[in-house]
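Everything on this sheet refers to the single structure shown next.
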Amino acid sequence: METQTLDIPVILPDYYEDCERCMGRLKDALEGLEGVSSAKIGAKGPSIYLTYDANKISLEKIEERVRQLGIEVAERYVHDSLHLEGLDCPDCAAKLEKAVGRMSGVLWSSVNYATSKLSVEYEQKKIDRSAIEDRVRDLGYNVTEIVPFGAEAPAPKPAWLNKRVMTTAVSGIFLVAALIASFLRAPGFVTIPLYAVSIISGGFYAARAGILSLRAFSMDTNLLITLAVIGAIYLHEYGEAAGVLFLFSLGSALEAFTIDRTRRSIRSLIGLSPKEASVIRGGKEEKIRVEDIKVGETVIVRPGERIPLDGVVERGVSSVDESAITGESVPLEKSSGSPVYAGTINQRGSMEVRVTKLVGDDTLSRIIHLVEEAQEQKAPSQQFSEKFGRAYTPVVVGLAAVIALYALMHTDPELFRRSLVLLVVACPCALVISTPVAIVSAIGNAAKNGILIKGGAYLEEMGRVSVVAFDKTGTLTTGRLEVTDIIVLDSNRNEVLKIAASIESRSEHPLAESILRKASDEKIELYDLAFFEALPGIGARGVMDSQLCHIGNQRLLEQLGIPVPEPSIVEKLRGEGKTLMFVVSESKVIGIIAAADAVRESSRDSIAALKRAGVDKTVMLTGDNELTAHAVAERLGIDNIEAELLPEEKVGQIKKLVARYGKVAMIGDGINDAPALAAATVGIAMGGAGSHAALETADLALMADDLSKLPYGIRLSRSSLRVIKQNIGFSVFVVVGLVALTLAGSLSLTLGIIGHEGSALLVIANGMRLLRLRAQ
C-alpha cells in the first residue's frame, strides 16, 4: 500500500461557503471512491485534504471526480507519462520507479515494464518534467517521444543494428575463440585477452547500468551480475566470468526483443487513422491534415480508405469494416444517417461524412488511450509479485554478503563462489514479469476482438465470475418493438397489415413504427387516409377506401362493444409477453397483430456459451412485467429472473447475488444501469463504440452491440488467471530451486545465469500466448 496525503487547491462555487450539506456531499462522494480513505474540505483555502492509496487510484482520477461535481481544480499537480527506451529488465523497472518516486516534489511514480512507460504525478512548483527526464537518463534510460494519434510510427531498427545485439555477438565470438584456445592449451597471454574482450563487450551495458543504479542508492540485476563477475575474476575464473556476461547479455537482448514485440503488437492492434483526408471547403475538395479538420466539416471517403474521424454519413451507401473498433468481422452497411468511426475501413462506394469528433476525442483515440491506461494499472497478483521481489532480493543479497565475508575470512574459495552464484540468482526477474506480460497480452488481445477491459484487476475479477446478471431491454433484446405475429380472422394477411399500417402512418407510437417497418419490409402499398383520429390510451381510427377502420388494444374493443375474438389465441400470445393490437374494419375484428421487443439473434447462443465457459448461473434483472420477462428468459435459457424492478432495486438484487455467490458480473447499457454496474464485481457495458458514457462508466465494454463477445471475454479472463498462476508458481519454484542448489554447492555461475534468464524468457513466452487466443 502506497499512501499519499496531500491537499488539492480548488475553487469552490459561492453557494458552498454557507452550505454544510454541499460540503458533506462532496466529502461523501470523494470518500466513496475506491482507494480514498479520508477527505476533508477546508473552506478557508479552499482545499481538499486527501489520504489515498496510489496503487488503487490515481490523483488524476480524483481530480476528474472533483470536476464532475462542478468544482474547479487549481493547476498545482501534474500527471504525466514518459515512454522509456532501453528498459530491458523488470527488476530495473522497479528500481527506476523507486528512484523517481524519491525525488522531491514527486507524489507517486509507477513503471510498467511490459508497456515501457513511466507514469508520474508531481507538484509543478517543486519539480518539472525536465528534471524527471534527467533523472531517468542518469539511470541509463532514454525518454522517447509519444507517437501522436494519426502519425506513422517509426519502423523498428533491424535487430543487427541494435547496439546491445552487436556487443552480445562480439562477446559470443570472442568467448568461443577463447574456449577453443583453452581447449588447444594455448598460453595465458592468448586466452586471457580473448576472455577480456568477451567480458568487456558482454558486460559493458550491465556494468554501466549497475554503476548508475549504485549512484541512485539502489541495487538491480545489472549491479549484482557485475559484482558476481568481479568476484569470478578475483578467483581467476575468466571463462565463468565471460560465460555469465555473454549469457546475461544474450538473455537480456532476447527479453527486450520479445517484450518489444508485445509492445509493438499492442500498439498496432487498432489501426491508426490516416494522416490526411479529403475535405469539402468552399465547394472544392482539399487534402488537409486530420488535425486541422473541424467538427461539422464534410470529408470524402473513397473505397479502400480509412475513415479519418468519427462522423455521420450524409451521402452515399457503402459497407464498412469496423473490426478494428468492435472486433466484428462482418462489414456493416452504411447509408445516410449511419454513424461511422475513425480507423474503420470503407470497403465499397464513396461516402460523404460529416465530422462529429475532433482527432484525439474520436472513438479510436479514446480506445487506444483507455487500453494503454488499463495496461499500466497493476493487478493484485502483480502487486503480490512485486512485494515478494522487494522482500526476497535484499534477503538473498544479505545472505550472499554474509557468506562472502565468512569465505574471505576463512580463505574458502568454494564458499566464496557460492556467494557469487547467490548474487546472480538474487533478482527474481521471472516472478516480477510473470503477471504484467500476461495482463498486457490479454488486454491487447481483448481490444483487438472488440472488448475493452479497463485494467488488470477487472481482468482477474472477470476470470473468477460465477454469476452473470443481464438487463433485458437493449441487452438481451434490441430495445425495439418488432411485429412477431399476424393472426388473420376475417380477410387476408396483406389486407390486415395494409389497413393497420395505413392508420399507423399518422401515429408516432413505438408500436406504429414496428407495423410500418413490417409493411415496408413486405413492400405493401398503403391506403390514402381520408380521415385520421388518435384515440389516446386505446389506439387510432381512420377512413380509407370509404371504410371506417380502427386499430388498438382491448380497451378499444370494449369501447366499440366488440367481444375479444379467439380468447385462447389471445391468452397464448399474452403469455409469451407480446403486446396485441386488434385491427377492426366496419365494427368487425379482421385480425390481430402481436409485437414484442425483439430478442437479439446472438443472445441464446451467448447464454449457452457462457455456461460452457464455466458460468454457474445467469440472471435477468428487468423493469418489465413478469409475463414478458418469463417469456424472454424461457426462450434464452436464463436460470432466474427478477422483474418489475426500479434502478435502485436492481442494485439491491446485485448485492444479494454478490453476498450469496461471490463474484458477479452485471451487463447493461452503461447509462440506465450505471448503479447496478457499479454494485457488481465487474460492470459490463453494451455498445461501447457508440456510447462515450459506456466507455467511461463500465469496467468492461463490449464495443459492438453484440453479446456474442461476452463468452470470449470470460474465456480470455479465465485463461489469463491460469497463465498468471502458472507463471507465479513456476517463478517461485525456480527462485527457491536456484537458491537451494546454490547453497548446496550444486550450481555454477553459468548454470545460475541460465536458470535466471531462461525462467524469465519462459514466463514471457507463456504470457504472450494470450495474444494468440482467438474468439470462436
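The values are calculated or read from the model by the stated rules, or taken from the named source; none is laboratory data. Only a predicted model underlies this, so the values are computations on that prediction, with no experimental measurement involved. Glycine also receives a Cβ, built like all others from the backbone with ideal geometry; neighbour counts cover every protein chain displayed. Quick note on the areas: whole protein, heavy atoms, side chains included, nothing else; ligands and nucleic acids left out. Shrake-Rupley method; radii C 1.70, N 1.55, O 1.52, S 1.80 Å.
Among the residues of region 246-280 satisfying the criterion of being within 24 Å of the chain's Cα centre (by Cα) and not in a helix (DSSP H, G or I), which is modelled with the highest pLDDT? In this case the residue turns out to be Pro274.
For region 304-350, taking the residues that are open to solvent by 30 Å² or more (accessible area, probe 1.4 Å) and among the charged types (D, E, K, R), the one that is modelled with the lowest pLDDT is identified as Glu328. Among residues of region 590-601 that are farther than 19 Å from Asn492 by Cα, those with a beta-carbon under 6 Å from a residue that is at pLDDT 85 or above and acidic (Asp, Glu) at least six positions away or on a different chain give the pairs Ala598/Glu482.
For region 93-108, the tally of residues that are open to solvent by 50 Å² or more (accessible area, probe 1.4 Å) and touching a residue at least 40 places away in the same chain (Cβ under 8 Å) stands at 1.
Within region 233-257, the set of residues being open to solvent by 60 Å² or more (accessible area, probe 1.4 Å) and touching a Leu at 6+ places or on another chain (Cβ under 7 Å) comprises Leu254 only. If I filter region 143-153 for residues that are modelled with pLDDT under 75, in a loop (DSSP other than H, G, I, E, B) and open to solvent by less than 10 Å² (accessible area, probe 1.4 Å), do I get at least one hit? Yes, because at least one residue in region 143-153 is modelled with pLDDT under 75, in a loop (DSSP other than H, G, I, E, B) and open to solvent by less than 10 Å² (accessible area, probe 1.4 Å). State whether one or more residues within region 616-632 are without any contact (Cβ under 8 Å) to a residue 24 or more places away in the chain, assigned to a strand (DSSP E or B) and either of a type in the set (A, V, I, L, M) or under 16 Å from Thr477 (Cβ atoms) (or both). No, region 616-632 contains no residue that is without any contact (Cβ under 8 Å) to a residue 24 or more places away in the chain, assigned to a strand (DSSP E or B) and either of a type in the set (A, V, I, L, M) or under 16 Å from Thr477 (Cβ atoms) (or both).
Looking only at region 324-350, which residues are in contact (Cβ under 8 Å) with a residue 12 or more places away in the chain and under 21 Å from the mean Cα position of the chain (by Cα)? Once the filter is applied, which keeps residues that are in contact (Cβ under 8 Å) with a residue 12 or more places away in the chain and under 21 Å from the mean Cα position of the chain (by Cα), region 324-350 yields Ala324, Ile325, Thr326, Gly327, Glu328, Tyr341, Ala342, Gly343, Thr344.
Condition check ((1) touching a Lys or Arg at 6+ places or on another chain (Cβ under 7 Å); (2) at pLDDT 80 or above; (3) closer than 18 Å to Glu255 by Cα; (4) part of a loop (DSSP other than H, G, I, E, B)) across all residues:
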site: Glu75; (1), (2), (3), (4): no, no, no, yes
site: Ala94; (1), (2), (3), (4): no, no, yes, no
site: Val111; (1), (2), (3), (4): no, yes, yes, no
site: Ala114; (1), (2), (3), (4): no, no, yes, yes
site: Lys126; (1), (2), (3), (4): no, yes, no, yes
site: Ser130; (1), (2), (3), (4): no, yes, no, no
site: Asp134; (1), (2), (3), (4): no, yes, no, no
site: Arg137; (1), (2), (3), (4): no, yes, no, no
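The test for being in contact (Cβ under 8 Å) with a residue 12 or more places away in the chain and in a helix (DSSP H, G or I) holds for Ile192. How many residues, within region 77-92, are among the charged types (D, E, K, R), part of a loop (DSSP other than H, G, I, E, B) and open to solvent by 30 Å² or more (accessible area, probe 1.4 Å)? Here the count works out to 0. Selection over region 744-756 of residues that are buried (at least 22 other Cβ atoms within 10 Å of the Cβ) and of a type in the set (A, V, I, L, M) gives a count of 3. Taking region 579-615, which residues are open to solvent by 50 Å² or more (accessible area, probe 1.4 Å) and either out of contact with any Gly (no Cβ under 7 Å at 6 or more places or on another chain) or assigned to a loop (DSSP other than H, G, I, E, B) (or both)? Listed by number, the residues that qualify are Thr579, Glu586, Ser587, Lys588, Glu601, Asp605, Lys611, Arg612.
A residue that is open to solvent by less than 10 Å² (accessible area, probe 1.4 Å) and either in contact with a His (Cβ under 7 Å, 6 or more places away or on another chain) or under 21 Å from Leu399 (Cα atoms) (or both) cannot be found anywhere in region 757-769. Selection of region 445-460 for residues being open to solvent by less than 10 Å² (accessible area, probe 1.4 Å), among the small types (Gly, Ala, Ser) and either under 19 Å from Pro380 (Cα atoms) or over 12 Å from the mean Cα position of the chain (by Cα) (or both) yields Gly455, Gly456. For region 378-391, check the following and say yes or no: at least one residue is open to solvent by less than 10 Å² (accessible area, probe 1.4 Å), closer than 30 Å to Val763 by Cβ and of a type in the set (Ser, Thr, Tyr). Scanning region 378-391 turns up at least one residue that is open to solvent by less than 10 Å² (accessible area, probe 1.4 Å), closer than 30 Å to Val763 by Cβ and of a type in the set (Ser, Thr, Tyr). Exactly one residue out of Leu741, Leu721 is without any contact (Cβ under 8 Å) to a residue 40 or more places away in the chain, surrounded by fewer than 21 Cβ atoms within 10 Å (Cβ to Cβ) and in a helix (DSSP H, G or I): that is Leu741. Residue under question is Leu526, and the condition is that it be of a type in the set (A, V, I, L, M, F, W, C), open to solvent by less than 20 Å² (accessible area, probe 1.4 Å), at pLDDT 90 or above and more than 15 Å from Thr484 (Cβ to Cβ); does it hold? Considered against the rule, which asks whether it is of a type in the set (A, V, I, L, M, F, W, C), open to solvent by less than 20 Å² (accessible area, probe 1.4 Å), at pLDDT 90 or above and more than 15 Å from Thr484 (Cβ to Cβ), Leu526 comes out as no.
Results for (1) in a loop (DSSP other than H, G, I, E, B); (2) open to solvent by 20 Å² or more (accessible area, probe 1.4 Å); (3) not polar (S, T, N, Q), shown as yes or no for each residue.
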position: Met462; (1), (2), (3): no, no, yes
position: Gly479; (1), (2), (3): no, yes, yes
position: Glu482; (1), (2), (3): no, yes, yes
position: Asp485; (1), (2), (3): no, yes, yes
position: Asp490; (1), (2), (3): yes, yes, yes
position: Val496; (1), (2), (3): no, no, yes
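Scanning region 464-479 for residues that are farther than 10 Å from Arg600 by Cα and of a type outside the set (Ser, Thr, Tyr) returns Arg464, Val465, Val467, Val468, Ala469, Phe470, Asp471, Lys472. Of the residues Ala519, Ala512, Ala469, Ala404, which single one is of a type outside the set (Phe, Trp, Tyr), farther than 30 Å from Leu645 by Cβ and open to solvent by less than 10 Å² (accessible area, probe 1.4 Å)? Being of a type outside the set (Phe, Trp, Tyr), farther than 30 Å from Leu645 by Cβ and open to solvent by less than 10 Å² (accessible area, probe 1.4 Å) holds for just one of Ala519, Ala512, Ala469, Ala404, which is Ala519. Looking only at residues of region 724-738 that are over 25 Å from Arg418 (Cα atoms) and of a type in the set (A, V, I, L, M), we find that the one that is least open to solvent (accessible area, probe 1.4 Å) is Ile724.
Can you tell me which residues in region 46-76 are in contact with a Pro (Cβ under 9 Å, 6 or more places away or on another chain) and surrounded by 15 or more Cβ atoms within 10 Å (Cβ to Cβ)? Selection gives Pro46, Ser47, Ile48, Ile71, Val73, Arg76. Here region 650-667 is the region considered, the condition is being in a helix (DSSP H, G or I) and touching a strand residue (DSSP E or B) at 6+ places or on another chain (Cβ under 8 Å), and the residue that is surrounded by the fewest Cβ atoms within 10 Å (Cβ to Cβ) is Tyr661.
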